[in-house]
2 protein chains.
Amino acid sequence: MHRLELTKPDGRKLTLYSRAPIDSNLQAPSPFSDPLQGAPHLRWHPLRGEWVTYAAHRQNRTFLPPPEYNPLAVTTSADNPTEVPAGAWDIAVFDNRFPSLGVPQGAEPPPSLIVPTAPANGHCEVVVFTQDPKGALGRLPLDHIELLLQVWGDRTERLGTRPDIRYVLPFENRGAEVGVTLHHPHGQIYAYPVVPPVPARMAQVASEHYAQHGHGPLAEMIRSERETGERVLYEGRHAIAFVPACARYPYEVWIAPIREVPGFAQLESAERADLARALKTVLLKYDGLWERPFPYLMAWYQAPTDGDPHLGMHLHAELWPPYRTKDRLKYLAGTELAAGFFAMDALPEDKVKELQAVEVSL
Amino acid sequence: MHRLELTKPDGRKLTLYSRAPIDSNLQAPSPFSDPLQGAPHLRWHPLRGEWVTYAAHRQNRTFLPPPEYNPLAVTTSADNPTEVPAGAWDIAVFDNRFPSLGVPQGAEPPPSLIVPTAPANGHCEVVVFTQDPKGALGRLPLDHIELLLQVWGDRTERLGTRPDIRYVLPFENRGAEVGVTLHHPHGQIYAYPVVPPVPARMAQVASEHYAQHGHGPLAEMIRSERETGERVLYEGRHAIAFVPACARYPYEVWIAPIREVPGFAQLESAERADLARALKTVLLKYDGLWERPFPYLMAWYQAPTDGDPHLGMHLHAELWPPYRTKDRLKYLAGTELAAGFFAMDALPEDKVKELQAVEVSL
């Protein structure tokens, strides 16, 4: 992995990653010249016992690009800088210009309110998966996907060692159906000042399971899914992909290393290679299912970086597509959002057959 | 409140409620004649530590109505029965024909899988708010809305006393934006065999707060919101509506009795009357904001019915509209769904002003 760290004219960081050496003369462009404005703040939700972040400055964007402008494409003219330079690199990571988390130096303190407030520490990054605006994560070469897994590990280490960051979540929202308007292949990384509710719950459940069984709940599920094979989409020496028996979305898929690895940074290279094969297999099956780009939310869960051991936490991706069938969306409504109790009208054992039937070549 | 309990030809229950006496000769129609098919089952999600319900029979609907057919309109011809009879009644409650929860007698046991499974006990009801298919909850007369609050109390008592039911959640999904295809004013009631994750968390947080302060967190918020008044939309002697300081949706509103009442069944009649005024005020403001029907998810949180005291739980509605601005939806994506960490780019103090400016007459 080759890496080049740069600073944009507005002070934001840009890191370029590549399988091959990178020209160290590359410059970091920015569509913005003035430094970041405003600071997000956290408010405590007294009924749910969780933090919510408020970034009102996101509304005050001084820059509204025309719809055909792609800020993630490489800069081709100095008059019209984008977020990334032209040149030989594979993956770019830069600080989000309108972050939900991350307080600039000298920012105003959070407001005083009827609920507790705090500075919204943390960090938000954008990850450009490829220079090709028409590409897709699943269509990248395997060694490019492997590089992405390395990049996620590098970002997790860099962010996770910061004392103000307790959880690092890489995710991709793909498709207009999940609210994405920018189709250049990219993801995001949110680095949180607290362990957010969902991974906090997972870590608690995992550590209870570990205390009782000596391994986490995902390791146990993987062993069982491998034994039955019924819901498996990919199985290699080191990685597996399957529709979990407890899927909450009709086409939900999990991807994981077979070994109980807490995060990207602890993957060995053979594991990373196999995980790339598992990920590519799933994404090609998704796009092949209806022969059109398949929208999804993909989140990679890792152990928190708060210094606790978090035994039983097991790196894995959960992919949640919004479709129930080819032309019907699954809306999250009363029971899912208000109760947190998911209702499915499709069985994982049926849905997996549709994906198993899609042939792909890596 | 007048009530008439009936049984449909397919065995489902129908209860009619009215402000005036109801003709006891009314018959319960049903679009279906055969008894309910199939049984939902629960599967344990080992990573999140929660149950998911699977109702595969929902896909096997033998009856697909034409789009113009409204099963919630009163039956006008014996050849074309709907879910409710013609006659003088205000509100109808009937068993959902395709429930996500509720196991018919003699149903097959849940499948044996690699994760724990269980029968999906519980109950799902549909609540028809009015006979007028073009109406809206917010446009009903105040005493009709009061009746609905009584009906929710009656259903909570009837369902909550069943030993297999631990939580009763009345909710309304309104608008195509939240997935609703049937525009006749109606809501649903889910009665769960467990306390679902969100109210379970609320109950835990509330009881910890109560142990420390002698009242729940909502009582404290209401006191503070009344003191500042900044985010208040309605304040009566017994009820209040406000945009909470910790709103997770741009136009989020909470409605609550001022007294710390655990559920609908414990409301006094003056409280119910004022709560109806608060609810009507909010819904009229919503529809008045952009002079079009305003979509939302409205959930009414009550104390669990599992027999524990649940001190500090405080009946209230949370309304979550899906819009950020007049023409932009707020999508729940990476951080909200995967982390459970909400990010807002609007401040409650700004959004409330838009709603405060909408004048309504009850």
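The values are calculated or read from the model by the stated rules, or taken from the named source; none is laboratory data. These numbers come from a predicted model, not from an experiment. Using ideal geometry, Cβ is built from the backbone for each residue, glycine included, and neighbour counts are taken over all protein chains shown. Accessible surface areas use protein heavy atoms only, side chains included; no ligands, DNA or RNA. Shrake-Rupley method; radii C 1.70, N 1.55, O 1.52, S 1.80 Å.
Side notes on the structure shown:
- Candidates B:205, B:194: the one that is in contact with a Gly (Cβ under 8 Å, 6 or more places away or on another chain), β-branched (Val, Ile, Thr) and modelled with pLDDT of 95 or more is B:205.
- When A:177, A:252, A:225, A:172 are screened for being of a type in the set (Asp, Glu) and touching a Pro at 6+ places or on another chain (Cβ under 6 Å), only A:177 passes.
- Unmet requirement for residue B:261, which otherwise passes all of (1) in contact with a strand residue (DSSP E or B) (Cβ under 7 Å, 6 or more places away or on another chain); (2) in a loop (DSSP other than H, G, I, E, B); (3) not acidic (Asp, Glu): (1)
- Subset tally (residues that are open to solvent by 30 Å² or more (accessible area, probe 1.4 Å), of a type in the set (Lys, Arg) and more than 21 Å from residue A:141 (Cβ to Cβ)) for the stretch A:1-30: 1
- Residues that are aromatic (Phe, Trp, Tyr) and open to solvent by 20 Å² or more (accessible area, probe 1.4 Å), drawn from the stretch A:286-302: A:290
- For the stretch B:220-231, the tally of residues that are more than 8 Å from every other protein chain (Cβ to nearest Cβ) and open to solvent by less than 10 Å² (accessible area, probe 1.4 Å) stands at 2.
- Some residue of the stretch B:33-46 being at pLDDT 95 or above, outside any strand (DSSP E or B), open to solvent by 10 Å² or more (accessible area, probe 1.4 Å) and within 14 Å of chain A (Cβ to nearest Cβ): yes
- Residue that is within 27 Å of residue B:169 (Cα to Cα), within 13 Å of chain A (Cβ to nearest Cβ), part of a helix (DSSP H, G or I) and within 22 Å of the chain's Cα centre (by Cα), where the choices are B:337, B:279: B:337
- Inter-residue pairs, beta-carbon under 8 Å, first under 18 Å from residue B:127 (Cβ atoms) and in the stretch A:334-352, second modelled with pLDDT of 95 or more and of a type in the set (D, E, K, R), 6+ apart: A:334/B:172; A:338/B:318; A:343/A:336
- Meets criteria (within 20 Å of the chain's Cα centre (by Cα), farther than 21 Å from residue A:220 by Cβ and assigned to a loop (DSSP other than H, G, I, E, B)) for residue A:287: no
Yes/no matrix, rows are residues, columns are (1) more than 8 Å from every other protein chain (Cβ to nearest Cβ); (2) assigned to a loop (DSSP other than H, G, I, E, B); (3) within 21 Å of residue A:169 (Cβ to Cβ):
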residue: A:198; (1), (2), (3): no, no, yes
residue: A:203; (1), (2), (3): yes, no, yes
residue: A:211; (1), (2), (3): yes, no, no
residue: A:218; (1), (2), (3): no, no, yes
residue: A:233; (1), (2), (3): yes, no, no
residue: A:237; (1), (2), (3): yes, yes, no
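- Residue list for the stretch A:335-362, filter: under 24 Å from residue A:280 (Cβ atoms) and open to solvent by less than 10 Å² (accessible area, probe 1.4 Å): A:348, A:352, A:355
- Looking only at the stretch A:120-153, residues that are part of a helix (DSSP H, G or I) and either within 14 Å of the chain's Cα centre (by Cα) or aromatic (Phe, Trp, Tyr) (or both) come to 8 in all.
- Filtering the stretch B:303-334 to residues that are small (Gly, Ala, Ser) and either open to solvent by 60 Å² or more (accessible area, probe 1.4 Å) or outside any strand (DSSP E or B) (or both) leaves B:303, B:307, B:312, B:333, B:334.
- Selection from the stretch B:198-209 of residues that are buried (at least 20 other Cβ atoms within 10 Å of the Cβ) and of a type outside the set (A, V, I, L, M): B:199, B:209
- When each of B:185, B:244, B:250 is tested for being within 10 Å of chain A (Cβ to nearest Cβ) and either in contact with a Phe, Trp or Tyr (Cβ under 8 Å, 6 or more places away or on another chain) or surrounded by 20 or more Cβ atoms within 10 Å (Cβ to Cβ) (or both), the lone residue that passes is B:244.
- In the condition set (1) among the hydroxyl-bearing types (Ser, Thr, Tyr); (2) free of Cβ contacts under 8 Å to residues at least 60 places away in the same chain; (3) open to solvent by less than 10 Å² (accessible area, probe 1.4 Å), residue B:234 is compliant with all but (3).
- Against the test of being in a loop (DSSP other than H, G, I, E, B), charged (D, E, K, R) and either touching a residue at least 12 places away in the same chain (Cβ under 8 Å) or surrounded by fewer than 20 Cβ atoms within 10 Å (Cβ to Cβ) (or both), the options B:108, B:177 yield a single qualifying residue, B:108.
- Within the stretch B:1-23, residues that are free of Cβ contacts under 8 Å to residues at least 12 places away in the same chain have Cβ atoms under 8 Å from residues that are assigned to a strand (DSSP E or B) and among the hydroxyl-bearing types (Ser, Thr, Tyr) in these pairs: B:5/B:15, counting only partners at least 6 apart in sequence or on another chain.
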